[in-house]
1. State whether the residues of the stretch 213-234 include one that is open to solvent by 70 Å² or more (accessible area, probe 1.4 Å) and under 15 Å from Q76 (Cβ atoms).
2. Give the residue that is farthest from A25 (Cα to Cα), with candidates limited to residues of the stretch 70-112 that are open to solvent by 50 Å² or more (accessible area, probe 1.4 Å) and either touching a Leu at 6+ places or on another chain (Cβ under 6 Å) or modelled with pLDDT of 85 or more (or both).
3. Given the conditions (1) in a helix (DSSP H, G or I); (2) open to solvent by 40 Å² or more (accessible area, probe 1.4 Å), report the number of the one that C22 does not fulfil.
4. Tally the residues that are in contact with a strand residue (DSSP E or B) (Cβ under 9 Å, 6 or more places away or on another chain), open to solvent by 40 Å² or more (accessible area, probe 1.4 Å) and assigned to a helix (DSSP H, G or I), restricting the search to the stretch 133-191.
5. Which one of G60, G67 is on the phi > 0 side of the Ramachandran plot and either in contact with a Lys or Arg (Cβ under 9 Å, 6 or more places away or on another chain) or open to solvent by 30 Å² or more (accessible area, probe 1.4 Å) (or both)?
6. With the requirement that a residue be part of a loop (DSSP other than H, G, I, E, B) and over 25 Å from P195 (Cα atoms), what does the stretch 228-250 give you?
7. Return a yes/no flag: does the stretch 196-219 have any residue that is of a type in the set (F, W, Y), over 20 Å from F85 (Cβ atoms) and part of a loop (DSSP other than H, G, I, E, B).
8. Based on this model, can you work out whether K55 counts as in a strand (DSSP E or B), open to solvent by 50 Å² or more (accessible area, probe 1.4 Å) and at pLDDT 90 or above?
Amino acid sequence: MRSFLFAVAYWVLSIFYVLLACLAALLPARAPMAAMIRLYTKRMLAAMHWVAGIKVDLRGRERLPEGSFIVAGKHQSWGDGFVMFANVDNLVFVTGDHLEKIPLLRGLLRRLGAIVVDSCGGPEARKALSESAAQAHAHGRRILIYPEGHLAKAGEKFRYRTGVYYMYRDFGMPVVPVATNLGLFWPQQDFRKHPGTATVEFLDPIPVGLERDEFMARLEGAMEARTAELIAMATGEPVRPEVLVPTPGE
C-alpha cells in the first residue's frame, strides 16, 4: 500500500512541479526554475519519508567545499537525484541523451543548464561533456555526475567512466564522492519501496592535481568501500565488496 500511495504522490508532485517549471522557464533568469526544482525535490523527499516510509540520513555536508566543485555519486536509486538537488545549492547535472527524447523535458533540461551527453559514450560524448561543463563552470555552478553512467543494484557496480576525470582536470575543481545505500530501500526505478532509514554520505573531497589513474582509483575506491559499509550497516550482514557487472550496451 505504501508503494502505491507513493506512486500517486510521485506523479501528482511531478506533474504539478513540471507545469510550474514550464511557466518559470518563460522568465529570462534561470533562478525561478531552479527554485521550482529545489522545492520539488524537497517535497519528494518528504513524500519518501511520510508516504513510502523511507527516511534519508544525509551525512558529511560539512565536507562540501566552498565555490564550484563536482559531486560524483554512487547511483542505486531514482531517489538519488532528489537527495542531491534538495541539499546542494546551484547544482546542474550530467545526464544521458535519452531524456532529451521527451519533448517537454528537452526544453526544461536546456533551460536548467543540464549537461546532456550521448549515452553511448566515446570521444564525441567526451567533447560535448567538456564543452557543456565549461559553461556550467563559468557560471560557478556545482556539477553532479554519476561516473558509472547507469543505475546499479545495491551491491553491484559498473565500470567507472573517465568523463568525471576530464572535468576535474580541465576545470581544476575538487570532486566530492558520494556513498549510499538508498538502493536497498528504493531499488533503481522499482515500483516497490521498502521502509527504513537510508544513508547518503558526502565523503572527503579529492583535491585537484592528480593524474588520471590515481584519481580514478581513489574515486572508485572511496565510493565503493564506503557504499559497501553502508549496505552492511543497513542489512546487518558482513561488509562485502561491490560486484563488477557488465555495463548495459557494452
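The values are calculated or read from the model by the stated rules, or taken from the named source; none is laboratory data. Nothing here was measured: the structure is a model prediction, and the numbers come from that model. Neighbour counts are summed over all protein chains in view; Cβ atoms, including those assigned to glycine, are modelled from backbone coordinates with ideal geometry. Calculation scope for accessible area: heavy atoms of the full protein, side chains included, ligands and nucleic acids excluded. Shrake-Rupley method; radii C 1.70, N 1.55, O 1.52, S 1.80 Å.
1. yes
2. Only one residue tops the list, namely W78.
3. (2)
4. 3
5. Numbers: G60 fails: either in contact with a Lys or Arg (Cβ under 9 Å, 6 or more places away or on another chain) or open to solvent by 30 Å² or more (accessible area, probe 1.4 Å) (or both).
G67 is the lone residue from the list that is on the phi > 0 side of the Ramachandran plot and either in contact with a Lys or Arg (Cβ under 9 Å, 6 or more places away or on another chain) or open to solvent by 30 Å² or more (accessible area, probe 1.4 Å) (or both).
6. Of all residues in the stretch 228-250, those part of a loop (DSSP other than H, G, I, E, B) come to 236-242, 245-250.
Correct list: V245, P246, T247, P248, G249, E250.
7. Within the stretch 196-219, the first condition is being of a type in the set (F, W, Y), and the residues that meet it are 202, 215.
Going one step further and asking which of them are over 20 Å from F85 (Cβ atoms), we end up with 215.
Then drop every residue that is not part of a loop (DSSP other than H, G, I, E, B), which leaves none.
No, the stretch 196-219 has no match at all.
8. Yes.
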